[in-house]
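We did not get these values from a lab; they are worked out from the coordinates using the rules stated. Fair warning: this is a prediction, and the values are worked out from it, not measured in the lab. Glycine gets a Cβ as well: all are built from the backbone with ideal geometry, and neighbour counts include every protein chain shown.
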Amino acid sequence: MTASFPLRLGLTGGIGSGKSTVAKMLTARGAAVIDSDAIARSVTAANGPAMPAIADAFGKEFVTPEGALDREHMRALVFSDPSAKLRLEAIVHPLVGLATQAQAQAAIHAGHTLLVFDVPLLVESPRWRKLVDQVLVVDCLESTQIARVMARSGLTSEAVQKIIRAQATRAQRLAAADITLFNEGLGLEQLKRAVDALALNV
């Protein structure tokens with residue numbers, strides 16, 4: 001793959017696709033991985049910058065005694081009320097964007113030639129697509145997603161399917177992909193070889 005440096009790679013995939021494992025492998029190869037989920041967790045952690053606005057918009061019942069977002073309570077709300085999801089995103093996304101830009105600039109100053117933006121909802125958020133040069137989608141069958149998530153989380157098949165339905169469809173992700181890594185039936189060593197075979201310049 002040839003591109004200007006630093007190459008900005010968007011990394012996405014459905015729950016249970018193996019995206020996080022691929023991100024770790026890219027980190028091991030020297031890429032700077034910027035994890036949007038981790039940033040979102042930090043801004044909604046105890047006394048995080050998003051918490052005053054969340055308390056104002058949703059009420060104190062969505063804040064834990066420690067001052068963090070009550071994720072279980074909020075998850076139940078956004079699944080039942082799409083407008084609540086939009087209100088939450090309006091608070092959290094700008095803060096995530098600022099932190100993402102800061103981490104990207106720090107990585108560039110440190111000399112990284114590959115910036116990987118690990119964004120679970122990249123396909124659902126057009127603004128992310130404008131920030132990256134290429135999109136790498138980690139893909140697998142939906143039945144594999146369900147089995148992997150059930151094994152690691154203890155969730156029921158129905159609960160996992162509900163999460164999958166709330167994300168972009170597999171077809172939508174594949175349509176957005178510049179590069180697809182099919183993570184089906186691969187052991188860790190095979191997956192590592194597949195990542196190496198992408199020939200990303202690090």
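Quick one: Debye curve from the alpha-carbon atoms of region 39-111 only, equal weights, vacuum; give me log10 I(q)/I(0) at q = 0.20, 0.21 Å⁻¹ to two decimals.
-0.80, -0.86
Run the numbers for PHE182 and GLU72: contour at 0.36 nm per residue of separation, minus the present Cα-Cα distance, in nm.
Values: separation 110, 0.36 × 110 = 39.60 nm, distance 3.14 nm.
Result: 36.5 nm gained on full extension.
With r as the distance between the Cβ atoms of ALA38 and ARG152 and R0 = 25 Å, compute the FRET efficiency 1/(1 + (r/R0)^6) and round to 0.05.
Working: r = 18 Å, r/R0 = 0.71.
Computed FRET efficiency for ARG152 and ALA38 comes out at 0.90.
Taking the Cα centre of the chain as origin and charging only Cβ (+1 Lys, Arg; -1 Asp, Glu), how large is the dipole, in debye to the nearest 20?
Roughly 220 debye, rounded to the nearest 20.
Find, among the GluC sites (Glu not before Pro) in region 136-201, those assigned to loop by DSSP (not H, G, I, E, B) with at most 15 other beta-carbon atoms within 10 angstrom. Walk me through the numbers on the way to the answer.
Numbers: sites: GLU142, GLU158, GLU184, GLU189; in loops: GLU184.
Answer by residue number: GLU184.
Enumerate the calculated ³J(HN,Hα) couplings along region 146-158 in order (Karplus 6.51 cos²θ - 1.76 cosθ + 1.60, θ = phi - 60°), each rounded to whole Hz, writing x wherever the residue is Gly or Pro.
For region 146-158, the Karplus-derived couplings read 4, 4, 5, 5, 4, 5, 8, 10, x, 5, 6, 4, 5 Hz, x marking Gly and Pro.
I'm spelling it out carefully: the read-out is volume of the Cα convex hull per residue in Å³, the candidates are [x] 116; [y] 127; [z] 148, and one was derived from this structure. Which label?
The value computed from this structure is option [y].
In degrees between 0 and 90, to the nearest 10, how far off the longest principal axis of the chain does helix 71-80 point, with axes built from Cα atoms?
It works out to around 90 degrees.
Checking the cross-link filter: which lysines have an alpha carbon closer than 18 Å to that of LYS85, excluding same-chain neighbours under 8 positions apart?
Here the lysines satisfying the reach criterion relative to LYS85 are LYS60, LYS162.
With the crude spin-label approximation of a point 7 Å out along Cα→Cβ, what separation in nm comes out for GLU61 versus ARG193?
The answer from the label model is 5.5 nm.
Mind sorting THR144, THR156 by how few other Cβ atoms lie within 10 Å of their own Cβ, fewest first? Don't skip to the end; give the middle numbers.
Numbers: THR144 17, THR156 11.
If I rank by nearby Cβ atoms, fewest first, I get THR156, THR144.
Quick one: length gained pulling SER83 to ALA175 fully straight, 0.36 nm per residue minus the C-alpha distance? Kindly include the intermediate steps, with their values, before the conclusion.
Details: separation 92, 0.36 × 92 = 33.12 nm, distance 2.68 nm.
Computed gain between SER83 and ALA175 is 30.4 nm.
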